[in-house]
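Engineer: Take a look at the following structure, please.
Any read-out appearing in this document is the output of simple, stated calculations on the displayed coordinates, not a laboratory observation. The structure presented is a predicted model; accordingly, all values stated were derived computationally and were not measured. Virtual Cβ from ideal backbone geometry, glycine too; neighbours counted across all protein chains shown.
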Amino acid sequence: MTTPQEELSPATRRALLHRIAVAQAEGRAPSLVAAVVRDGEAVWNGSRTSVQGHAPDENVQYRIGSITKTFTAVLVLRLRDEGVLDLGDPLEKHLPGTGAGDATVAELLAHTGGLAAESPSPWWERTPGSLRPELADVLGEQPHRHPVGRRFHYSNPGFTLLGALVEQLRGAPWEDVLRREVLEPLGLRRTTWHPEAPHAGGWAVHPWADAMLQEQVEDLGRMGPAGQLWSTTADLARFAVFLTKGDDRVLSVDSVLEMRAPAAPGEAGDVSAGSSYGLGMQLQYRDGRFLVGHSGSVPGFLANLTISVEDDVAAVVLANCTSGPVVSDVAADLVRIVAEAEPRIPEPWQPLAAVDRAVLELTGPWYWGTHSFVLRLGADGGVSLDPLSATLRGARFRRNDDGSWTGLNGYFAGELLQAVRRPDGTVGHLDLGSFVFTRQPYDEGAPVPGGVDPEGWRGIP
């Protein structure tokens, strides 16, 4: 049973309109369009423009720049899910001879491959892709700026390599693979390599005068998988739903969750602001809220897609100017406005359809030394081991076929939780990555590492 969701209230809608109106006016953007998604559906669209009597709607294309990288990452994860590659494979295994093949697929997705931020001069975003017909032209003679795997360094050429990897393994152009495997299944009919009418024109706004200069639109060629695409708020709203819930025709919910998991820290200044990077997705903590998505900018256009998975709210903001409104701030504010004004209505509580008594036996209090924990069985069949002190670490666990459990988050992500039984079949203790959890603090009947003082608990002698 799903709780029916009402339309956004007039007050919320006005707050959203006010936020984009301020952004367009103060940022001096020729136009700005936005959309908000809640519970899997677009619930609000808005736009502001300097053209009298005309306003772009959710079907007008804007260039989305580096949001393209997230689409490229989806194609790579599809190859992994099919068993065609492993994220730990060095690029050289599948795409030999690039000179950057020591980096793994995962490192390229997370911008930890050590590659340069940009291709060699002239700047690729303002020049035709025909100047860089081969990967060697994109990478240059010295493709690396850092040792492979040592630090996060955002790299546009890295995603060119990932696009070439897709082409190599699929035997077709990147844009054809994208259309067939992602755009068509998700119904993203207005997301294209080249602009298709109606679309916005790209502009530069003079920094010290209210004057505009038209930006040239370039076909980025080899660099396309890093920033070529055009799209609309309607299409990106659908893409946001996919990045939240998955779609088995494209990627499972587990794979999109993997994309959203931190894979690399941001630069030093970004880390202090709570920013990091997943697999083709930017991550940040802002105002106590975990946000995922991606930003984009190319000459003439700014773009941002921001999702709060916990609130099930996403926002898309597109503008047709080289600089101006900080669209990442605008998108985050749109998410916050809806999440705070109209918080998500939780699903009704439902009991388990069936109770596994062997698992039920494990619920309740456990102790790691003197630290108190409680194990709970969730409605999804998973368990959580939560500390009763805020200073300790807990985790959620997924059950394995052999009756053990694998950690899903935090310190215990990937670690194995097992119930160790006595010869009579009763549970003696839990083993979590070598940590022994007992029913009583320092249970003398359990194999507590180092043993237990035979004199037991006592007062001051």
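Engineer: Which of 275, 130, 231, 372 comes first, and how do the rest follow, when ranked by fewest Cβ neighbours within 10 Å?
Structural biologist: Ordered from fewest to most neighbouring Cβ atoms within 10 Å, 275, 130, 231, 372 come out as 130, 372, 275, 231.
Engineer: Pairs of Cα atoms under 8 Å, at least six residues apart: use those to get the relative contact order of the chain, whole percent.
Structural biologist: Relative CO of the chain lands at 16 percent.
Engineer: Ok, one more. Any idea how far the Cα center of region 432-457 sits from the one of region 174-217, in Å?
Structural biologist: Taking the Cα centre of each part, region 432-457 and region 174-217 sit 63 Å apart.
Engineer: State to the nearest 20 debye the size of the charge dipole of the chain about its Cα centre, where the only charges are +1 on K and R beta carbons and -1 on D and E beta carbons.
Structural biologist: Dipole magnitude for the chain comes out near 480 debye.
Engineer: Right, here's the next one. Could I have the simple spin-label model distance between residue 211 and residue 358, label points 7 Å from Cα toward Cβ, reported in nm to one decimal?
Structural biologist: Label-label distance for residue 211 and residue 358, simple model: 7.8 nm.
Engineer: In addition: Where does each of 230, 174 land when they are ranked from fewest to most other beta-carbon atoms within 10 angstrom?
Structural biologist: With the sparsest Cβ surroundings first, the list reads 230, 174.
Engineer: Where in region 396-461 are there trypsin sites (Lys or Arg not before Pro) that are in a DSSP coil and have at most 16 other Cβ atoms within 10 angstrom of their Cβ?
Structural biologist: Counting only loop positions with at most 16 other Cβ atoms within 10 Å, the trypsin sites (Lys or Arg not before Pro) in region 396-461 are 439, 458.
Engineer: Rounded to two decimals, what is the ratio between the C-alpha radius of gyration of region 70-125 and 2.2 N^0.38 Å?
Structural biologist: So the Cα radius of gyration is 1.22 times the expected 2.2 N^0.38 Å.
Engineer: Additional query: Taking every pair of alpha-carbon atoms in region 357-437, give the share separated by more than 18 Å as a whole percent.
Structural biologist: The calculated P(r) of region 357-437 puts 35 percent of pairs beyond 18 Å.
Engineer: Need one word for region 1-125: rounded, prolate or oblate. Basis is the Cα gyration tensor (sqrt eigenvalues a ≥ b ≥ c); a/c below 1.5 gives rounded, then a/b vs b/c decides.
Structural biologist: Oblate.
Engineer: Still on this structure: Give me 244, 370, 363, 127 sorted ascending by neighbouring Cβ count inside 10 Å, so fewest comes first.
Structural biologist: Neighbour counts put them in this order, fewest first: 370, 363, 127, 244.
Engineer: Can you work out the Karplus-derived ³J(HN,Hα) for every residue in region 125-135? Use 6.51 cos²θ - 1.76 cosθ + 1.60 with θ = phi - 60°, whole Hz, and x for glycine or proline.
Structural biologist: So the Karplus estimates, Gly and Pro as x, are 6, 10, 9, x, x, 4, 6, 10, x, 10, 4 Hz.
Engineer: Further, regarding this structure: Size of region 290-444 along its principal axes in angstrom, Cα-based, largest extent first?
Structural biologist: Sorted largest first, the three principal extents are 72, 32, 30 Å.
Engineer: Got a sec? Charge dipole of the chain, +1 on Cβ for Lys and Arg, -1 for Asp and Glu; which of 334, 186, 370 is way out at the positive end?
Structural biologist: 334
Engineer: Per the Debye formula with a single identical scatterer at each Cα and no solvent contribution, what log10 I(q)/I(0) holds for the chain at q = 0.13, 0.14 Å⁻¹?
Structural biologist: -1.20, -1.32
Engineer: Using the Cα atoms of region 111-248, I'd like the radius of gyration and the largest Cα-Cα distance, Dmax, both in angstrom.
Structural biologist: 17.0, 50
Engineer: Quick one: Kirkwood hydrodynamic radius for region 94-136, alpha-carbon pairs, angstrom, one decimal?
Structural biologist: 12.0
Engineer: Compute the separation of the alpha-carbon centres of region 298-362 and region 32-106 and state it in Å as a whole number.
Structural biologist: Each part's Cα centre sits 17 Å from the other's.
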